[in-house]
Amino acid sequence: SLFDKNEEGSISLGLDLNEIFNNMINENSLLSMKKSKEAFVKLHEPIQSKIKQGYFLKPGGYTLYEKDMTQVVSQYKEFTDLGDEAGAMLNEMMMDKEVERKQILDADKQLGIEQKRTEEERRKKEEQEREVRRQKDDLQRMEEEQRKMQKDHDDTMKKYAQETKKKYENEKKDLQNRIQVESKRHEEMIKNGFTEEAQTLKNRLNNMQNVLTQKDTEKQRQMQEFQQRLSRELKLQNDRFNEQLAAFQRQHAHAGGRRRKGCVIS
């Protein structure tokens, strides 16, 4: 009947319209997915270029990567013509970048560890270099003190020798003058027959002559004693210097060993 034919036509039309509607939805969905992916890929291109250049392979690289990715997401969300699948596609593409994100995070952590180790090695090296410079300065100071000590010793000996020589020469000269005067008196006493007085004077002259002879011996003895005392003091100072020098050399060798060991490790 005509009614049945109209009803069949309406159902057929409805099915056709429904198919057209579903096809439009699918096409719009596919188009939205395509446009969303293209937009994301385009925004991600600078980051991809930086990854290829190794830009993020440095301490703090992950922070830079996160900052760039946050900017990509922000710019992506500003698009208003990506369609209904924009949100779902963003989540999907962010999941696709999860491996990339983890790789950069792991590299950043490892670089952080390496940076700390390198920084610690640099600090130790600088500390060792400062210690070596301090020890060298101490050694130079010690050597300078040693040279000054030796010079002071030589100057003291020279001055003492000069003063001692002058002192004994004056004493000898004075004694020789007295002997000469007393000798003339002795001769006059003998001439005048003062035998006893002459003998007394002769004994005194002999004593004076003995004193004169002893002056040289006494001078040599005092010079020798003074030299020995100064030599003992100089030896003690030299021993202290040698001990300090040996300690410096041991410390320097130990520091050098640590540096060589560090070089092997690195």
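The values are calculated or read from the model by the stated rules, or taken from the named source; none is laboratory data. Small disclaimer: the values here were computed from a predicted structure and weren't measured. Positions of Cβ are generated from backbone atoms using ideal geometry, with glycine treated the same way; all protein chains shown enter the neighbour counts. Heads up: the accessible areas ignore ligands, DNA and RNA and are worked out on the full protein's heavy atoms, side chains in. Shrake-Rupley method; radii C 1.70, N 1.55, O 1.52, S 1.80 Å.
With the condition kept exactly as written, say whether any residue in the stretch 175-196 is at pLDDT below 80, out of contact with any helix residue (DSSP H, G or I) (no Cβ under 8 Å at 6 or more places or on another chain), of a type outside the set (F, W, Y) and not in a helix (DSSP H, G or I).
Scanning the stretch 175-196, I find at least one residue that is at pLDDT below 80, out of contact with any helix residue (DSSP H, G or I) (no Cβ under 8 Å at 6 or more places or on another chain), of a type outside the set (F, W, Y) and not in a helix (DSSP H, G or I), so the answer is yes.
Enumerate the pairs (first residue in the stretch 220-247 and modelled with pLDDT of 75 or more; second residue anywhere and open to solvent by 80 Å² or more (accessible area, probe 1.4 Å) and assigned to a helix (DSSP H, G or I)) with beta-carbon separation below 8 Å, excluding pairs fewer than 6 apart on the same chain, so at least 6 apart or on different chains.
F241/E145
Please go through the stretch 187-215 and pick out each residue that is in contact with a Lys or Arg (Cβ under 8 Å, 6 or more places away or on another chain) and under 25 Å from E169 (Cβ atoms).
Result: M208, L212, K215.
May I ask you to verify whether K202 is modelled with pLDDT of 75 or more, among the basic types (K, R) and surrounded by 15 or more Cβ atoms within 10 Å (Cβ to Cβ)? Steps first, please.
Numbers: modelled with pLDDT of 75 or more: yes; among the basic types (K, R): yes; surrounded by 15 or more Cβ atoms within 10 Å (Cβ to Cβ): yes.
Yes; evaluated as a whole, the condition is true for this residue.
Residue by residue through the stretch 107-139, note down the ones that are closer than 24 Å to T70 by Cβ and open to solvent by less than 70 Å² (accessible area, probe 1.4 Å).
A107, D108, L111, G112, listed by residue number.
Within the set of pairs 6+ apart or on separate chains, which have a first residue in the stretch 62-84 that is over 30 Å from N26 (Cα atoms), a second that is of a type in the set (S, T, Y) and open to solvent by 70 Å² or more (accessible area, probe 1.4 Å), and C-beta atoms under 9 Å apart?
Note: pairs meeting the criteria are L64/Y55; Y65/Y55.
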